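The values are calculated or read from the model by the stated rules, or taken from the named source; none is laboratory data. Predicted model only: the values in this text are computed from it and were never measured. Cβ placement follows ideal geometry from the backbone for every residue including glycine, while neighbour counts extend to all protein chains displayed.
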């Protein structure tokens with residue numbers, strides 16, 4: 001219930017891209033259907049910006065470069081997903097993010 005009440009983007013990701021294999025009495029389907037998108041707050045967006053900025057401030061030490069690149073990728077992707085969600089655009093995969101960034105975000109996203 002916590003994720004549903006909070007409007008978790010993970011739940012929205014499940015709604016878009018999951019395939020339910022077993023669903024007794026349609027409980028999971030109903031739960032997903034009744035989980036609304038609640039846009040990330042400005043505070044959450046600012047926290048993401050702060051995280052990206054913090055990772056960017058790490059020293060240029062070769063021993064940290066792999067970690068730095070990985071954390072920076074994850075944090076900036078999270079920031080991008082949340083900024084798009086504020087605009088009502090759900091994009092999670094790289095192709096969807098790219099489509100949203102080049103302006104085709106109003107095309108419906110097809111489930112595989």
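Checking each residue in region 71-112 for being at pLDDT below 90, crowded, with 16+ Cβ neighbours inside 10 Å and part of a helix (DSSP H, G or I) picks out 96, 97, 99, 100. Specify which of the listed residues (64, 21, 32) is out of contact with any strand residue (DSSP E or B) (no Cβ under 7 Å at 6 or more places or on another chain), in the same structural domain as residue 8 (by TED's automatic domain parsing) and over 20 Å from residue 8 (Cβ atoms). Checking each option against the conditions leaves just 21. Scan region 21-51 for residues that are assigned to a loop (DSSP other than H, G, I, E, B), modelled with pLDDT of 90 or more and more than 26 Å from residue 71 (Cα to Cα) and jot them down. Result: 21, 22, 23.
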